[in-house]
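Some notes on the structure that comes next.
The values are calculated or read from the model by the stated rules, or taken from the named source; none is laboratory data. None of these values were measured; they are calculated from a predicted model. Backbone-built Cβ (ideal geometry, glycine too); neighbour counts: all protein chains shown.
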Amino acid sequence: MNFLTTVATDVVNTVTESTGFPGLDGVMKALPYMGYGMVGIFFVTGVIILTVSLLNKAGSKK
Amino acid sequence: MQLIEALFKPIIEQMEADPTLILKQMAMWIIGGILIYLAIKKDMEPTLLLPMGFGAILVNLPGIAEVGGETVAQNGAFHTLERLFSIGIDNGELMPLILFIGIGAMIDFGPLLRNPKYMIFGAAAQFGIFFTLCLSAYFFDLNDAASIAIIGAADGPTAIFVAQTLNSKYIAPIMVAAYSYMALVPLIQPVVIKACTTKKERLIRMEDNGKPVSKTTRILFPIIVTILVGFVAPDAVSLIGFLMFGNLIRECGVLDSLSETAQKVLANLVTIFLGITIAFQMRASEFLQWETLLIMGLGLFAFVFDTFGGVMIAKLMNLFLKKKINPMIGAAGISAFPMAGRVVNKMGLAEDDQNFLLMHAIGVNVSGQVASVIAGGLILSFMAG
């Protein structure tokens, strides 16, 4: 298992170095944004759902 | 001999500066031809693919050379498109924003206002954007990765706006990928939807439990959404603001003539210029790179995972709901209005000819339109931070 991990890491490092890709460093930088993005979009849509529900309730009372 | 030299002067000068450029330009004529073919013969987003295809040919005519890293052109059309690009897209992303007024005027948020919980599917169907951001960051720097990820929004103006604001050098491939995949929604989505749903789930019928929406709600909705998004994602406020302004014109009831103009004349005018102006970025030297293929692949990944996200959240909700939701409607959350909604309705009817999902799917679809703009705004806020 350790051998496979070492080989995989070597392959990734070789590809990253030879192509000039940001590689795993780039992924690690983007990872928090993925989390913030998913939480953020649900938070905003949650507030919109709440607001529309309140508007609908207010509208139906009239 | 002199006549021949005079006639072919642009080609001769270009060949002297860069002998291989003409081959690359010819490859771009073929790509332009393919886009025109797809637009006319396959009816794939013809309003954009046709101008982009023609523009790709126009900016790749001989007489353009790269001298000292700068593009020197004798091609008059090249200069005109350069100016259009500078005014309409480069400076303040004017064209996508104006187009959003037209789109806002076209959208009826009624089905969403009747069932506000549909916004959840719109949000979940943006997951592909954030997965792709991570994947793209392996290959590209963060700003380009974010611009590529937004292809998953299935929303052309948002993709242009984000890519241009983040100063991405891959705006042309991003646009081609975004609009091509939007056109391919009827081919891509059914495969993904079928792969992650069972026949039993696809047969779930949904009642139209919608209550009428008051005019006050319809008028207040665009104003409130603009304020909310303005607080959370100020970088997206111009996008959401123009979209909601268009919608307010539609819903206010006193600007029918403006609403009609925004929906038809304004949207058509901007669309004509948008496609051909984006083609300015389809110069052989910029477009023919291996990165273009990678961007197309990553765009497809974003589309597939957006669809997957929407369907899976519906399946998750079904675990807790008494009245089950047909999980296919979750897939309509990928924006691509109104095509994604129609695809879901068609799939529902194919399984059961009495299963009409259109109103539900369109409700989810318009929520996807709003959610994609919010996702774009969040990405801009992150990158600015």
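Points worth noting:
- Hey, residue B:147 at pLDDT 90 or above, part of a helix (DSSP H, G or I) and at the interface with another protein chain (Cβ under 9 Å from one of its Cβ atoms) or not: no
- Test: residue in the range B:98-112 that is in a helix (DSSP H, G or I), at the interface with chain A (Cβ under 9 Å from one of its Cβ atoms) and either touching a Ser or Thr at 6+ places or on another chain (Cβ under 8 Å) or at pLDDT below 90 (or both): yes
- Candidates B:266, B:321 - the one that is part of a helix (DSSP H, G or I), of a type outside the set (D, E, K, R) and surrounded by fewer than 24 Cβ atoms within 10 Å (Cβ to Cβ): B:266
- Residue within the range B:212-226 that is modelled with pLDDT under 95, within 15 Å of residue B:97 (Cβ to Cβ) and assigned to a helix (DSSP H, G or I) present: yes
- Enumeration of residues in the range B:285-302 that are assigned to a helix (DSSP H, G or I) and surrounded by fewer than 23 Cβ atoms within 10 Å (Cβ to Cβ): B:285, B:286, B:287, B:290, B:291, B:292, B:293, B:294, B:296, B:297, B:300, B:301
- Qualifying residue in the range B:194-204 (condition: at pLDDT below 90, away from chain A (no Cβ under 14 Å), surrounded by fewer than 24 Cβ atoms within 10 Å (Cβ to Cβ) and not in a helix (DSSP H, G or I)): no
- Checked against the criterion of being crowded, with 18+ Cβ neighbours inside 10 Å and hydrophobic (A, V, I, L, M, F, W, C), the range B:252-261 contains not a single residue that satisfies it.
- Counted residues, the range B:230-243 - those being in contact with a Gly (Cβ under 6 Å, 6 or more places away or on another chain) and either within 11 Å of chain A (Cβ to nearest Cβ) or not charged (D, E, K, R) (or both): 4
- Some residue of the range B:29-37 being aromatic (Phe, Trp, Tyr) and either modelled with pLDDT of 90 or more or more than 28 Å from residue B:271 (Cβ to Cβ) (or both): yes
- Among all residues of the range B:266-275, there is at least one that is in contact with a Pro (Cβ under 7 Å, 6 or more places away or on another chain) and farther than 30 Å from residue A:40 by Cβ.
- Residue in the range B:194-204 that is farther than 21 Å from residue B:368 by Cα, acidic (Asp, Glu) and in contact (Cβ under 8 Å) with a residue 24 or more places away in the chain present: yes
- Only one of B:154, B:124 that is crowded, with 23+ Cβ neighbours inside 10 Å and within 11 Å of another protein chain (Cβ to nearest Cβ): B:124
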